[in-house]
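Note sheet for the following structure.
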Amino acid sequence: MPARKVATTNLQTSCSSASFTSAALAGRPTPLPRCKPLASPPKDNNWKQKYKEPSAPDTSNLPPLPEGWCWASVEQVGFVQLGRQRAPQHHRGKNMRPYLRVANVFEDRIDVADVKTMNFTPAEFVQYKLEAGDILLNEGQSYELVGRPAMFRGEVDDCCFQKTLLRFRPSTLLDGEFALTVFLAYLNNGTFQKVTRRTTNMAHLTAERFLTLAFPVPPIEEQRRVVHSTREASSRISRLQRELLQALDKSASLRRSTLDDAFSGKLIPQIPTDEPASALLERIRAERANQPGRKAARSSKERFTPARQRGGK
């Protein structure tokens, strides 16, 4: 199936107008306004026959948003595309290019320790080349990790991506870091899992289902404030996690040393007038020997010598 590239409806700051916001908060699907086209306008209306208007999300079961925010669909706020399919004929060629796959895309980070290459024709390179700011999401993954997102920040030059990944390229009026924050929230709160297609041991976040996901859109300045606050909170959480791990390691070490000290007599002061342990053991033996009905213990030699060798029949 060829990769699907979806045109987006650019957002405008007029999204926060009172009439638009009231309609969005009331749960009525409201088409997002368009910005001015960057290219020359078409001479006729034939383009309308080929263009499918991005669909607005069903807001009937969505929570209310703060004033000035509105609900959109992923399809309305960015371009979505699947990566290039791997195939034996692409393993060699004149235009070998590095590409990213699921093994490279972790939660909020790109790992480039093991980047493979594949042949991309010049036209394919233009189609699948990653740009700084693109967000990559795991299309095929375990159920818990499906949709795992990270932003490509130019870690590898002239890099493409494989079909096991979805690329989200945000609209110019959507802050890419805010989009990443939303997708990280969807990974951790189960939103991605709810729309995945599951097989025996794999889950898939298909492009079709990803496109229809509801996406909260605040004004652009508020998007940036959300990103800043989220990053600060995440930094504090990471610091607390590191401190907790250090404390756990320290407590385990302290427990071992405490037990070692307990059995080596280092936890309490030694008093010379205390009864020696040898005398205590002797008293314990005497008490055991004087217990009524208790037979005297045989020596180890007696226990393991056959009866006939001891004079028995």
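Data for the structure
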| item | result |
| --- | --- |
| Kirkwood Rh (inverse of mean 1/r, distinct Cα pairs), the range 63-185, angstrom | 15.2 Å |
| Neighbour net charge for VAL226 - beta-carbon separation under 12 angstrom, K R +1, D E -1 | -2 |
| Within-12-Å neighbourhood charge of ARG236 [Cβ basis; K, R +1; D, E -1] | +1 |
| Qualifying GluC sites (Glu not before Pro) for the range 125-174 [loop in DSSP, other Cβ within 10 Å: at most 14] | GLU131, GLU144 |
| The range 169-268: C-alpha gyration tensor shape, a/c 1.5 cut-off, then a/b vs b/c | oblate |
| Between the range 183-211 and the range 239-298, the alpha-carbon center distance in angstrom | 55 Å |
| Neighbourhood charge, 12 Å Cβ-Cβ cut-off, centred on LYS129 and excluding it, Lys, Arg +1 and Asp, Glu -1 | -1 |
| Ratio of Rg to Rh over the range 240-292 (Cα coordinates, Kirkwood Rh, two decimals) | 1.34 |
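Quick note: the coordinates plus some simple rules give every number you see, no bench work behind them. These numbers come from a predicted model, not from an experiment. A quick note on method: Cβ atoms are made from the backbone with ideal geometry, for glycine too, and the neighbour counts reach across all protein chains shown.
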